[in-house]
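Enquirer: After the structure tokens below, expect a handful of questions from me.
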Amino acid sequence: ALDRDGRPHVVWYDVGEEEIYYTQWLGEGWSQPENISQSPATATGATITSQGPSVAVDSQGRVYAAWMDSVSQQYLDSIVLAVRDGGQWQRRFLMSQPDVARDMDLGAGVNVQVAVGEQGAVHVLWHDVGDQSTRHIYESNNLAGTGWSLPTRISLNTGDATRPAAYVDAAGVLHFVWSEFLQTRQVFYQRQDRFDWLKVVDEQDRPQAGALIYADGKPLGHTDARGILLPTALQPGAELTALAQVSEYAGVRGSHASPDAPNRDWAYRIHLTNWRYGADGQRVGDIFSGGQGETRLTVRADSPLALFNLVVSLEWEAEPVYTEVFSRALALASDYLFDASNGQMAIGHAAIYAGGEKWQDADIQVLAYNHNRPNADINGLRDPLAPPIRVGRSWSGLVGGAEEEGAWDRPDGYRTLIHEFGHYALGLWDSYFRIDRDEAGNQTGLTPAHCTGPEIQTNELDSVNATLMDYQYNATEFAMRNSPAWNEEACTQTEQFARHGESDWETIRRFFADAQNPPRWRWQTPAETGVLAGPGSPPLAGVPTIAITPPAAPGVVTPLVVEGPGDAIRQAFVVTYGQGERGRVTIDQGQTDSQGRINLLGVQDGDMARALSWDAVYSGEAVLTAGVTNTLVLTRTFGPGKREANAPRRLRLLPR
């Protein structure tokens, strides 16, 4: 290589010593050759072979030499760069391949190329073996200004690339050629204009293909097979977040496809992220600084994110206003779960169906019944025979509460969804009681209990209270043993502790542990992080994505007034019958209020409403006109103490 004064600089490989030497022309002769590799013996006595060198000189007179080191009889190949500045050499490894089963050059020999551009831009190129035992051209550069970029494959995927040569023009474009043997030996040319890519890697610097990158919460796109994404119009100061999926659980229920996986079902996915949260609950992430070089986003095992895929089925042909309310409720529930899990769990995708569609596959079944208490089986996410989460049309914290106060997108509503989700998906038992049992194990009663204490129902510490499996209305955390908020005396008296012998977080960590060794992810609990006030929501726009499939002929809310003697109109049972897309539809609407009023859901013109008084003495029926107030009159069915043969009887069956 020639410097700015036209003097040559030379490096070579000494076959006998297996070292790299350097010399320069001083005007009247050559300088004394220097051993610039100075390869030491290994701890096992093996020798290190240095070979395939090249040299370049920048405009400031700095000399760059690069070569490959190999350990004899082992495939421990490394790329080494040495820089001579002010007469002193400094060495660094650009790439080390600690894989005894893989040979970098596959016996082809390596020539490492170093190319220097203006303003000190340096590129080092070599060939290496990819995942399919095919050689490609790799490159590392110093354009970021904060160190060297990770080795990245830059050659076209044409075959078996070896022996690169490179040049950097005045515009900073890298031009390079390489040799391949495709029936005959051929030479290929390529140019690389941009190096300002975003690269997602794990803690071992392994590229993460298919990782999704966001800028200020907006998706930029997925990384390619090399783990890189070339952004467009990305401004300095943007917060960059990355999700690299490492696991997917298919689940036990059908109809769980999603737009990004239309041909397969999935219940949840585990991702590694590049963010974490400080003690103040504020996110610590990566900020884009701009420039011409690589921006590296490192996803970590201690920063996992589980995203769940939920199917919701409404029993009736719901009107759009209701499905929109429930959609908002799911988004708010996702944020609440994100807060409770210290930023490690959220709803990733949800699909809402009406008219009982996908009922058998639903994770959440929404009944029209207005007196339904929310409930769920433990660990139903993994048990195909377990009932899902079942809720009524609304929930205000009280059975039969006012519907306008119990909309699902209000805090009492969406927080209760996550309380039931704690049973269904996270495997948690309640922490507000303990079942009393006799010596034979038979249930004899319930004893009130609290975790982390009864004060969480009344204090003003909602942002740090645990546990929401006790009182979700004033708590935003799961309980963790040995955390600052843990109350050993109180929490060990709950049904959660009776069943599992552990706190909420210990159960979550056990159910969602990685089966691989070493584990690919590690959940961070309040025992490690402390109790965090927050975080509020994930830095991911469009998460969750919620798809609503409306019914072909949605019903409308239809007020019904039940008239009759005395208390007969209070708490009367009302059922509607109609003809839907899938045949005859029977909907248990629930019970009237103290004035005999009830809103009927999913009603069409001509449907029939039937009512039965709470004491089964009075009954009546009416043909309905949808969307307007209807009246149903109760008449005596039989006298007190006497049940006639044709008297109506009521049996409530919950659909599966």
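Enquirer: For Asp607, which sequence-distant residues (separation of 5 or more, or a different chain) have an amide H within less than 5 Å of its own amide H, given hydrogens modelled in the peptide plane?
Expert: Leu624
Enquirer: Sequence gap at least 6, Cα distance under 8 Å: using those rules, report the relative contact order of the chain to the nearest whole percent.
Expert: Relative contact order for the chain comes out at 8 percent.
Enquirer: Take the alpha carbon atoms of region 382-411, find their center, do the same for region 183-260, and report the distance between the two centers in whole angstrom.
Expert: Comparing the Cα centres of region 382-411 and region 183-260, I get a distance of 39 Å.
Enquirer: How do Glu528, Glu18 rank when sorted from fewest to most other Cβ atoms within 10 Å of their own Cβ?
Expert: Ascending Cβ contact count within 10 Å gives the list Glu528, Glu18.
Enquirer: Give the relative contact order (percent, whole number) for region 313-447; include only Cα pairs under 8 Å separated by 6+ residues.
Expert: Across region 313-447, relative contact order equals 24 percent.
Enquirer: Suppose the Debye formula is applied to equal point scatterers at every Cα of region 555-636; what is log10 I(q)/I(0) at q = 0.19, 0.21, 0.23 Å⁻¹?
Expert: -0.70, -0.84, -0.98
Enquirer: How large is the dipole of region 555-636 about the Cα centre if only Lys and Arg carry +1 and Asp and Glu carry -1, each at its Cβ, rounded to the nearest 20 debye?
Expert: Computed charge dipole of region 555-636: roughly 80 debye.
Enquirer: Please list 3J(HN,Hα) in residue order for region 471-476, calculated via the Karplus relation 6.51 cos²θ - 1.76 cosθ + 1.60 where θ = phi - 60°; whole Hz, with x for glycine and proline.
Expert: Karplus-based 3J(HN,Hα) across region 471-476 equals 9, 5, 6, 9, 9, 10 Hz.
Enquirer: How do the peptides 33-40, 360-367 rank, highest first, by the average count of neighbouring beta carbon atoms within 10 Å per residue?
Expert: 360-367, 33-40
Enquirer: Still on this structure, I have one more. How would Lys218, Lys199 line up from fewest to most surrounding beta-carbon atoms within 10 angstrom?
Expert: Fewest-to-most ranking of Lys218, Lys199: Lys218, Lys199.
Enquirer: Take each uninterrupted DSSP H stretch in the chain, measure its Cα extent along the helix axis, and return the ones at 20 Å or beyond whose mean Kyte-Doolittle hydropathy is at least 0.0.
Expert: In the chain, the long hydrophobic H runs are 320-340.
Enquirer: If each DSSP helix of 4+ residues adds -39,500 (n - 2.57) and the sum is divided by the residues in the chain, what number results at 222 nm, nearest 500 deg cm²/dmol?
Expert: -2500 deg cm²/dmol
Enquirer: Let me ask something additional. Give the order of Asp85, Asp160 when sorted by the count of other beta carbons within 10 angstrom, beginning with the fewest.
Expert: So the residues, fewest neighbours to most, are Asp85, Asp160.
Enquirer: Given the peptides 296-308, 624-636, arrange them by the average over their residues of other C-beta atoms within 10 Å, most packed first.
Expert: The peptides rank, most packed first, as 296-308, 624-636.
Enquirer: Follow-up question, since we're still on this one. For region 580-639 and region 438-457, compute the distance between their C-alpha centroids and round to whole Å.
Expert: Each part's Cα centre sits 39 Å from the other's.
Enquirer: Towards the positive end of the charge dipole of the chain, with charges on Cβ (+1 Lys, Arg; -1 Asp, Glu), say which of Ala215, Gly596, Pro539 has the farthest Cα.
Expert: The one lying farthest along the dipole's positive direction is Gly596.
Enquirer: Going by Cα centres, region 507-573 and region 300-333 are how many Å apart?
Expert: So the two Cα centres are separated by 6 Å.
Enquirer: For the peptides 314-323, 378-387, what is the packing order when you average, over each peptide's residues, the other Cβ atoms within 10 Å and list the highest mean first?
Expert: Put in order of decreasing packing, that is 314-323, 378-387.
Enquirer: From the C-alpha gyration tensor of region 159-232, pull out the three semi-axes of the equivalent ellipsoid (sqrt of 5λ each), sorted largest to smallest, in whole Å.
Expert: Those come to 30, 17, 10 Å.
Enquirer: Where nothing but the Cβ of Lys and Arg (+1) and of Asp and Glu (-1) is charged, how large is the charge dipole of the chain around its Cα centre, in debye to the nearest 20?
Expert: 1360
Enquirer: Jot down the per residue volume, in cubic angstrom and as a whole number, of the convex hull over the alpha-carbon atoms of the chain.
Expert: Measuring per residue, one finds 225 Å³ for the Cα hull of the chain.
Enquirer: If you take all C-alpha pairs in region 490-572, what percent of them are over 16 Å apart?
Expert: 79
We did not get these values from a lab; they are worked out from the coordinates using the rules stated. Not measured: the values here are computed from a predicted model. Backbone-built Cβ (ideal geometry, glycine too); neighbour counts: all protein chains shown.
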